[in-house]
Amino acid sequence: MLSADILKKKAELISSGEIYIPKGFTLPYYPSRSTAGPGAGSRAMVFGFNDTRVKLAIVHDESSVFSLVRKTKERSKKEDTTTKKNDCKTRWCILGKPYMILKNGEPFLDEVSLEPTLMHAPKQAFINITSRCIYNCSFCVTPELDKDRKACTVERWIELILAHEQNPDLEAVAITSGVAESPHKTVVDMVKIIKAVRDRLPKIPIGVEPYLTAKEDVDLLFEAGADEIKINLETPNREIFDKVCHGMVYDDIYQALKYSVTVFGRNKICSNLILGLGETDDDVLKAVEDLAKNGVTATLRALRLNEYNIPKLTKALGFTPRPVPPERLVYLGEKQKEILDKYELSTLEFKTMCHRCKSCDIVPQQDV
């Protein structure tokens with residue numbers, strides 16, 4: 001678990017969601033460009049520090065609070081007082097490793113590593129089958145990213161995953177998707193990928209993140225060889241859900257989660273609860289406990305705001321959301337840990353997806 005200071009710093013980075021990296025700054029790995037998750041639509045890097053990670057969107061705006069520099073072996077007091085923020089011609093940026101993160105031009109994290117993303121996540125082939133979606137939730141930017149994108153077939157996704165078959169960094173496979181036609185059709189596509197991967201990689205952990213409500217679809221995914229499943233409630237507040245999740249049914253999702261525990265088992269089921277849509281802390285903690293009682297581990301996910309979802313959310317909610325304060329992320333993470341401990345659930349048991357990655361959230365029992 002992280003020290004209080006490092007935990008707070010991770011929460012600050014999550015709340016910001018971005019980091020300034022100057023154009024021309026040589027990175028050791030290609031940035032990822034996700035089509036799902038908090039960083040959808042942006043170029044991003046994963047930063048490792050103190051046994052945790054955070055994934056941040058790369059921006060070229062020098063006014064950004066956080067910035068990346070290469071760490072020098074030594075700096076004099078004179079250099080400390082004369083170095084300008086983000087000035088990569090100074091000794092802050094002499095070539096070499098490790099790196100450091102500055103906050104408003106001052107040291108924030110003294111030593112960070114840049115971690116490669118195998119496919120979307122470190123050490124995971126985490127794919128998004130399609131960005132097309134018939135539901136178009138107000139917070140989700142994924143459908144906006146598919147307008148000019150050439151579709152990737154199921155067969156091509158299988159090829160891309162199996163191209164990493166001999167990669168020693170491949171530790172898990174995870175599959176998410178928009179709902180292009182129907183929830184069942186998406187599950188059928190996931191089943192094809194799972195079976196192909198399971199045939200070639202019989203021991204690799206596989207996680208799936210579908211939108212579904214039918215028990216039969218849960219069975220199909222499990223029988224195909226999936227090990228873990230995430231079905232997202234999205235928000236702990238039903239009134240907010242009805243405003244932002246058009247066409248979805250809250251109670252049906254909840255019943256699918258409860259049924260999934262009987263199929264996959266405890267510590268195999270998780271569900272995103274998005275923070276920052278107007279819900280209260282009491283809403284969040286009640287939902288976390290209700291889920292835990294039924295064997296489901298929540299993933300508390302800070303809302304990531306951008307040009308795509310701010311107008312939609314403002315219209316749906318009647319107010320413009322703001323970034324989630326770091327203090328709230330820490331508080332809710334601490335309270336969630338207490339709840340998970342009470343019901344003998346553990347994020348450490350998960351082998352795939354977000355609890356394994358740790359890049360986008362404060363993860364109870366690992367970070368706090």
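The values are calculated or read from the model by the stated rules, or taken from the named source; none is laboratory data. Small disclaimer: the values here were computed from a predicted structure and weren't measured. Glycine also receives a Cβ, built like all others from the backbone with ideal geometry; neighbour counts cover every protein chain displayed.
In the range 232-250, the residue that is surrounded by the most Cβ atoms within 10 Å (Cβ to Cβ) out of those that are touching an Asp or Glu at 6+ places or on another chain (Cβ under 8 Å) and within 12 Å of SER271 (Cβ to Cβ) is THR235.
What is the one condition in (1) surrounded by 14 or more Cβ atoms within 10 Å (Cβ to Cβ); (2) at pLDDT 90 or above; (3) under 17 Å from LEU102 (Cβ atoms) that LEU7 does not satisfy? For LEU7, the exception is condition (3). Out of all the residues in the range 120-142, is one or more within 22 Å of the chain's Cα centre (by Cα), crowded, with 19+ Cβ neighbours inside 10 Å and in a helix (DSSP H, G or I)? Scanning the range 120-142 turns up at least one residue that is within 22 Å of the chain's Cα centre (by Cα), crowded, with 19+ Cβ neighbours inside 10 Å and in a helix (DSSP H, G or I). Is it the case that some residue within the range 357-364 is part of a helix (DSSP H, G or I), closer than 25 Å to SER42 by Cα, among the hydrophobic types (A, V, I, L, M, F, W, C) and out of contact with any helix residue (DSSP H, G or I) (no Cβ under 6 Å at 6 or more places or on another chain)? Yes, the range 357-364 has at least one match. Residue count for the range 167-186 satisfying the condition of being touching a Phe, Trp or Tyr at 6+ places or on another chain (Cβ under 9 Å), within 17 Å of THR352 (Cβ to Cβ) and surrounded by fewer than 24 Cβ atoms within 10 Å (Cβ to Cβ): 1.
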